[in-house]
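Here, each number is a calculation from the coordinates, and none is a lab measurement. None of these values were measured; they are calculated from a predicted model. Note that each Cβ is placed from the backbone with ideal geometry, even for glycine, and that neighbours are counted across all protein chains shown.
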Amino acid sequence: MVSAVFHNPLEAAPAARGGDKPKARDAGPAPLAATHNMTNTSTTPPAAQAAAPAMPARAPWDASFLWLAVLPPLLGLGLLALVWELVFMGTGGSIPSPKDTLLQAAQIFSDPFYSKGPNDQGVGWNVLSSLKRVAMGFGMAAVVGIPVGFMIGRFNFLSRMFNPLISLLRPVSPLAWLPIGLLVFKGANPAAIWTIFICSIWPMIINTAVGVQRVPQDYMNVARVLNLSEWKIVTKILFPAVLPYMLTGVRLAVGTAWLVIVAAEMLTGGVGIGFWVWDEWNNLNVKNIIIAIFVIGIVGLVLEFALIKLATAFTFEEVKN
Amino acid sequence: MTSFTTKYIEIQGVEQTFKTRKGPFRALQNINLTVAKGEFVALIGHSGCGKSTLLNLIAGLTTPTEGSLLCANREIAGPGPERAVVFQNHSLLPWLTCFENVYLAVERVFSATENKAQLKARTDAALAMVGLSAAAQKRPGEISGGMKQRVGIARALSMEPKVLLLDEPFGALDALTRAKLQDELLQIVATTQSTVVMVTHDVDEAVLLSDRIVMMTNGPSATIGEVLQVELPRPRSRVALAEDIRYLGYRKAVIDFLYTRQGHVEKAA
């Protein structure tokens with residue numbers, strides 16, 4: 001009922017614009033039309049349609065859109081700013097205020113791609129070099145993990161062979177592998193990429209294998225009745241059926257990789273968003289740390305969103321159910 | 001009424017046992033059945049009586065524990081396009097369009113002897129036969145359940161199979177759609193002269209469509225209880241048959257078998 005009340009003024013506004021005659025007729029059924037629209041947003045209520053054909057049908061829908069899609073997130077962000085402000089006041093200024101941080105952010109983002117030597121580069125360069133490490137480690141993990149996942153899913157023997165290994169190694173924090181990487185690759189950058197590789201590979205192997213194991217028996221029966229070749233089975237049945245699972249693996253892997261890279265860069269140094277956080281901590285520049293936290297969050301959000309969009313595009317109705 | 005004398009599918013002493021955790025489970029035993037070329041046979045029985053198991057055996061998707069199955073005097077060693085199956089849940093590949101789903105089957109069977117244009121023409125013809133030319137470029141998710149089932153039938157027929165195996169093809173559809181598809185199937189089978197084995201649990205469907213109704217006893221260890229010859233002239237019309245005294249007699253016979261005689265077994269079990 002809250003949205004019905006919310007509807008009414010907006011419902012009346014376009015009707016008023018529509019002219020004198022429709023206004024007179026709309027005054028009566030307006031509340032009814034508003035409640036009606038709550039349940040059926042795709043069609044215009046018959047009363048409004050007959051009375052004012054020129055009236056924009058989207059107006060009530062926009063109102064509920066505003067109510068549910070825009071207002072709550074804004075309130076959430078507002079709450080965050082409020083708590084932050086309170087913390088700022090409570091800690092006596094050791095945590096900078098939202099306003100100061102925003103001003104600092106404006107300054108930082110006015111020139112994100114400057115470079116004054118290896119230890120002083122713009123935030124843009126730091127994010128890009130972190131993303132580059134993630135892309136490399138993650139790319140290699142995909143190249144290895146997806147075929148391995150296919151094999152494990154297709155052959156029970158391999159599944160039984162590798163399951164104990166995966167169960168043993170998967171819970172290990174990827175950072176525990178960093179010293180091994182440093183030892184073997186003798187460099188900070190390859191060691192960080194190696195860490196990303198290790199943490200990305202498990203979700204991809206496991207999800208691909210599960211996807212292959214869950215290909216509906218019906219599809220395999222179709223393949224058998226049609227007597228399809230192994231190549232056709234892989235390209236026309238297995239791959240499309242496994243793709244949504246695989247993309248879930250990719251999404252989990254990228255999420256973890258983005259979590260891990262910050263920690264890995266804090267340990268290895270160089271250029272990168274994680275290193276930047278640590279560097280600003282050493283400079284006691286808390287504003288920049290908070291900005292970095294937001295940057296890390298936003299980049300992670302964008303990665304996640306892009307991969308969800310990608311996964312939806314390749315998921316077909318039957319698979320979703 | 002055509003008489004069916006030639007043996008086309010021969011099932012001899014077939015027994016099917018599944019290994020389960022509780023030990024072996026005998027689903028079918030002592031199945032003997034022959035199907036003539038061009039004959040329409042319905043397998044009917046209560047659920048769990050092994051109708052689908054028998055159909056899978058004819059399809060070659062499973063192999064019998066004992067006994068033998070022959071199709072055109074050759075042992076059925078595995079599934080193949082000459083015995084096309086229409087699955088209960090249509091089993092279309094959701095990432096392919098209707099055209100591509102049918103084309104996959106056409107390509108497999110005819111690509112050795114025909115060029116691409118001919119394969120496309122065959123696919124179009126199969127879709128036209130089930131009245132779905134307009135939906136050819138749609139994905140299965142975008143069409144209704146009845147249309148999906150029609151694509152499944154088009155896919156099976158497009159391979160020009162020697163035998164058409166239907167596993168409760170209309171079971172998941174509403175009554176009106178089912179009736180419409182049954183009529184279409186009657187017409188298609190009259191045109192193509194296919195040999196058909198259909199699993200069903202619908203008495204009217206069995207009497208309306210088939211030349212013979214094979215009634216199965218309740219499982220476990222199900223077998224053929226009775227075989228009913230349906231001697232209604234073709235073409236058959238649903239409306240005309242509704243009051244036909246012979247039709248009602250056949251219907252009564254099947255119902256009598258299923259609910260009076262086989263009904264008791266289920267209660268005892």
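Between rounded, prolate and oblate, where does the stretch B:70-201 land on the alpha carbon gyration tensor, with a ≥ b ≥ c its root eigenvalues, rounded for a/c under 1.5, else prolate if a/b exceeds b/c?
Taking the square roots of the gyration eigenvalues as a ≥ b ≥ c, the stretch B:70-201 is oblate.
Amide H neighbours of B:SER221 under 5 Å, at least 5 residues apart or on other chains, H built in the peptide plane: list them.
Those qualifying (amide H under 5 Å, at least 5 residues apart or on another chain) are B:ARG26, B:ALA27, B:LEU28.
Loop-only chymotrypsin sites (Phe, Trp or Tyr not before Pro) in the stretch A:232-321, please: DSSP not H, G, I, E or B, and at most 14 other Cβ atoms within 10 Å.
Taking the stretch A:232-321 and a limit of 14 other Cβ atoms within 10 Å, the loop chymotrypsin sites (Phe, Trp or Tyr not before Pro) found are A:PHE314.
Give a quick list of trypsin sites (Lys or Arg not before Pro) in the stretch A:197-235 that DSSP marks as loop, anything other than H, G, I, E or B, with at most 15 other Cβ atoms within 10 Å.
Within the stretch A:197-235, the qualifying trypsin sites (Lys or Arg not before Pro) (loop, at most 15 other Cβ atoms within 10 Å) are A:ARG214.
Taking the number of other C-beta atoms within 10 Å as the exposure measure, put A:LYS309, B:LYS138, A:LYS236 in order starting with the fewest.
Least crowded to most crowded, the residues run A:LYS309, B:LYS138, A:LYS236.
Would you kindly state the longest site-free stretch of chain B, with sites defined as GluC sites (Glu not before Pro) in a DSSP loop (not H, G, I, E, B) surrounded by at most 14 other Cβ atoms within 10 Å?
Value returned for the longest uninterrupted segment is B:1-230.
List the residues, sorted by chain then number, that are 5 or more residues from B:MET198 or on another chain and whose placed amide H is less than 5 Å from its amide H.
Long-range HN contacts for B:MET198: B:VAL41, B:ALA42, B:LEU43, B:LEU166.
Taking amide H positions as placed in the peptide plane 1.01 Å from N, state which residues far from B:LYS138 in sequence (5 or more) or on other chains have amide H under 5 Å from it.
So B:LYS138 has HN proximity to B:CYS98, B:PHE99.
Rounded if a/c is under 1.5, else prolate if a/b is larger than b/c, else oblate: which is the protein assembly as shown, with a ≥ b ≥ c the root eigenvalues of its Cα gyration tensor?
In terms of gyration-tensor shape, oblate.
What does the C-alpha gyration tensor say about the overall shape of the stretch B:1-111? Classify as rounded when a/c is under 1.5, otherwise prolate if a/b is larger than b/c, or oblate.
Since a/c reaches 1.5 but b/c is at least a/b, the shape of the stretch B:1-111 is classed as oblate.
So which of A:LYS236/B:LYS51; A:LYS236/B:LYS148; B:LYS7/B:LYS180; A:LYS236/B:LYS116; B:LYS148/B:LYS252 end up more than 21 Å apart by C-alpha? Could you put the intermediate results ahead of the total?
Numbers: A:LYS236/B:LYS51 30 Å; A:LYS236/B:LYS148 18 Å; B:LYS7/B:LYS180 31 Å; A:LYS236/B:LYS116 18 Å; B:LYS148/B:LYS252 32 Å.
As for pairs spanning more than 21 Å Cα to Cα, those are A:LYS236/B:LYS51; B:LYS7/B:LYS180; B:LYS148/B:LYS252.
Which net charge results when you count Lys and Arg as +1 and Asp and Glu as -1 among the other residues whose beta-carbon is under 12 Å from that of A:ILE108?
For residues surrounding A:ILE108, the net value is -1.
Grab the other residues whose beta carbon is less than 12 angstrom from that of B:ASN56, score K and R as +1, D and E as -1, and report the net. List each step's numbers first, then the result.
Working: positive: A:ARG224, B:LYS51, B:ARG83; negative: B:ASP167.
Net local charge, B:ASN56 excluded: +2.
For the stretch B:43-51, take each phi angle, set θ = phi - 60°, evaluate the Karplus expression 6.51 cos²θ - 1.76 cosθ + 1.60, and give the result in whole Hz per residue in order, putting x for glycine and proline.
Whole-Hz 3J(HN,Hα) from phi for the stretch B:43-51: 9, 10, x, 5, 5, x, 8, x, 4.
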